[in-house]
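Quick note: the coordinates plus some simple rules give every number you see, no bench work behind them. No experiment lies behind these values; they were computed from the predicted model shown. No Cβ is skipped: glycine too gets one built from the backbone with ideal geometry, and neighbour counts run over all protein chains shown.
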Amino acid sequence: MTAPEAPRAAFDRVLLLVVPAAAFMLLLFIYPFLYGLALSFNPKEGGALANYAHFFTTDNLWPTIWTTLRLALPATLINVGLALPIAFKMRVKSPYQRWATTILVIPITLGTVLIAEGMLTYFGPKGWLAQFLQFFHLYEGSIRLTHNYWGVLISLVISGFPFAFLLILSYITGIDPVLARAASTLGADPRSQFRHIYLPLLAPGLAMCFCLAFVQAFSVFPSAVLLGSPAGPTRVISIAAYEAAFEQYDYSMASAIAMIMGFVQLVIVAAVLGARSLMYRGPVSAGKG
Amino acid sequence: MSASVANRGSRWLDRAWTGLLWGLMTLFLVNIGLMIAAVATNSFAKRWLGTWLPEGWTTSWYTSAWKEFQLDAILWVTVQVVFAVVFLALLIGVPAAYTLARRNFPGKRLLMLLFLLPLMVPPITYGIPLATVLYKAQLAGTIYGVILANLIPAAPFVILVMTPFIEQIDPNLESAARVFGAGTGRMFWHILVPLLGPGILAASLLVLVRTIALFELTFLTAGPDSQTLVVALYYAVFAAGVRAPQSVDAMAMVYMAVTLAWLLIALRFVNPTQLVSRVKEHPQPA
């Protein structure tokens, strides 16, 4: 990993400092991944591809891909779609910005497990939200927002929106406001500034944000178990992988599912980044910034 | 004339749009606030079934949750895991960040990719192969396995936070120390560590908050004696039928208090957006 072709006498010992971290990552990230990949082609019984064949022919396995996509894609679109205009509104430094970012950090750090427990209490059939809606006769009938698809979707928005917002906000504040000011002296209102200045410059950031938000939503696990109905409509792919590993102790099958999961994520990420490359490429700062 | 009417129309639209955005944001935040308040209320409730407020108040759920879930043991494990992860992540992360910030060498981009990947791939995807390897090495189920697993996202995170921080320190200071005969080790301790203090503090607080909340990797690698608080909370919610919901909520409040306390400390030293990602801070022209 370190510079091998440097002349021996002048070997830069500073390069050695990177070795422990690199070795650690190779040993505990790359090696397990390769090991899992090899293991997935080495099933308990059958030929090399038996695990994959089993996955795509079993009725409670292959549909998990669609179940997961049906949750992850809408959640990502909602999160990024809402975060973009709100972050754009808050791009100017103000006390609001500081407050909003601080408050929005809380759901991220509380984590999905606590959000799930909170939602069970608050969104449940006897929770405050249901009581409020019935008290003001806004909605009659029973309110079912937990233990189904909607519960998981809401929890993905609660944990994912702040993430998308903070990420997009940091990208937007990274764009030199001089560009927008130049546009406004030429008579551009905020809306056309957004369309012609910010949006093209944000494209790489948005693509990155979409990918990160999607990958997070795609690997949903705790909320799908606690808030969804893990046997039915929210049986996501990570549940299938977990069951294979820790309930059937079939690590080979579990590795195969993990590999399929990684592959689907990779396909979506590659598609988004590929679409992004069709758009503007260039610096986001004016001149020397 | 028509121009001014159109202008007024678009201004009205602008205002409606701003109002809509603020409304959505407020709705989101109010619901999250109420959600946390509901958990808090329930944890102090004697009985709470379908009314606005519970019939009576009690703190006994906290003492019973403490005993029932053996929170003292779990908290101790959590403290051990979190501080070990922070210490080790700094130990291997800061030197690596130094090299990446100061030197150019072949394979640097590949190395950056190696450090970026664990942050891009979600824990559950690589956690399952990792858990398989750790079980084979007989490390899974022990606290060492949990620490190793949590280091995988933590060490790259330290590297990615610290690299731009080191880049902005003037290399002339190091050259000056070298001229006076300091070796790499002495230069590191006497020049870099004091200058890097704020960055190291920020990085370690960020790792700390993230490690407390990181669920998947601990869940996949922990055994019964090596559960951290968040995993214990998951099992408590998972087996909710067995226990009183108030008791689970009391535990959730303990978890929340721990996280929020550290979060508030962290927010004193770091910009909230750093919790999410590393994005280079661009200089803001005045």
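Output ³J(HN,Hα) for the stretch A:100-111: one whole-Hz value per residue in order, computed from phi by the Karplus curve 6.51 cos²θ - 1.76 cosθ + 1.60 with θ = phi - 60°, and x for Gly and Pro.
Running phi through 6.51 cos²θ - 1.76 cosθ + 1.60 with θ = phi - 60° gives 5, 5, 4, 5, 6, 5, 4, x, 5, 6, 5, x Hz.
Can you bin the stretch A:61-276 into rounded, prolate or oblate? Criterion: square roots of the alpha carbon gyration tensor eigenvalues sorted a ≥ b ≥ c, rounded for a/c under 1.5, prolate for a/b above b/c, oblate for the rest.
Oblate is the answer for the stretch A:61-276, as a/c is 1.5 or above yet b/c matches or exceeds a/b.
Rg and Dmax in Å for the protein assembly as shown, alpha carbons only: what are they?
Final numbers for Rg and Dmax: 25.2, 82 Å.
When only DSSP loop residues count, what chymotrypsin sites (Phe, Trp or Tyr not before Pro) in the stretch A:217-276 have their Cβ near at most 13 other Cβ atoms within 10 Å? Mind dumping the intermediate values first?
Working: sites: A:Phe218, A:Tyr242, A:Phe246, A:Tyr249, A:Tyr251, A:Phe263; in loops: A:Tyr249.
Within the stretch A:217-276, the qualifying chymotrypsin sites (Phe, Trp or Tyr not before Pro) (loop, at most 13 other Cβ atoms within 10 Å) are A:Tyr249.
If you add up the charges near B:Trp57, with Lys and Arg at +1 and Asp and Glu at -1, over every other residue whose beta carbon is less than 12 angstrom from its beta carbon, what do you get?
Residues near B:Trp57 contribute +1 overall.
Let a ≥ b ≥ c be the square roots of the eigenvalues of the Cα gyration tensor of chain B; is it rounded (a/c under 1.5), or, if not, prolate (a/b larger than b/c) or oblate?
Details: a/c = 2.19, a/b = 1.16, b/c = 1.88.
Here chain B falls in the oblate category.
Taking other Cβ within 10 Å of each residue's Cβ, how do A:Val267, B:Val207, B:Val86 sort, fewest first?
A:Val267, B:Val86, B:Val207
Please list the helices of chain B that count as membrane-span-like by this rule: a mean Kyte-Doolittle hydropathy of at least -0.5 together with Cα atoms stretching 27 Å or more along the helix axis, each helix being a complete DSSP H run.
The qualifying helices are B:2-43, B:71-102, B:143-167, B:193-213, B:245-269.
Pull up all non-local amide H partners of B:Ala45: gap of 5 or more, or a different chain, and H-to-H distance under 5 Å with H placed in the peptide plane.
So B:Ala45 has HN proximity to B:Thr58.
Among residues other than A:Thr58 whose Cβ falls under 13 Å from its Cβ, what is the net charge (Lys/Arg +1, Asp/Glu -1)?
Working: positive: A:Arg235; negative: A:Asp59, A:Glu243, A:Asp250.
Net local charge, A:Thr58 excluded: -2.
Exactly which chymotrypsin sites (Phe, Trp or Tyr not before Pro) in the stretch A:108-177 are in a DSSP loop and have at most 15 other Cβ atoms within 10 Å?
The qualifying sites are A:Phe136, A:Tyr139.
Quick check: net charge around B:Met35, other residues with Cβ under 14 Å of its Cβ, Lys/Arg +1 and Asp/Glu -1?
Result for the local shell: -2.
Which order do B:Ile200, B:Ile92 fall in if you start with the one that has the fewest other Cβ atoms within 10 Å? Present the calculation step by step, with values, prior to reporting the outcome.
Values: B:Ile200 19, B:Ile92 23.
If I rank by nearby Cβ atoms, fewest first, I get B:Ile200, B:Ile92.
Looking only at B:Ala149, B:Ala257, B:Ala203, which one moves most when chain B is put into a Gaussian network model with springs between Cα atoms under 10 Å?
Answer for the Gaussian network model of chain B: B:Ala257.
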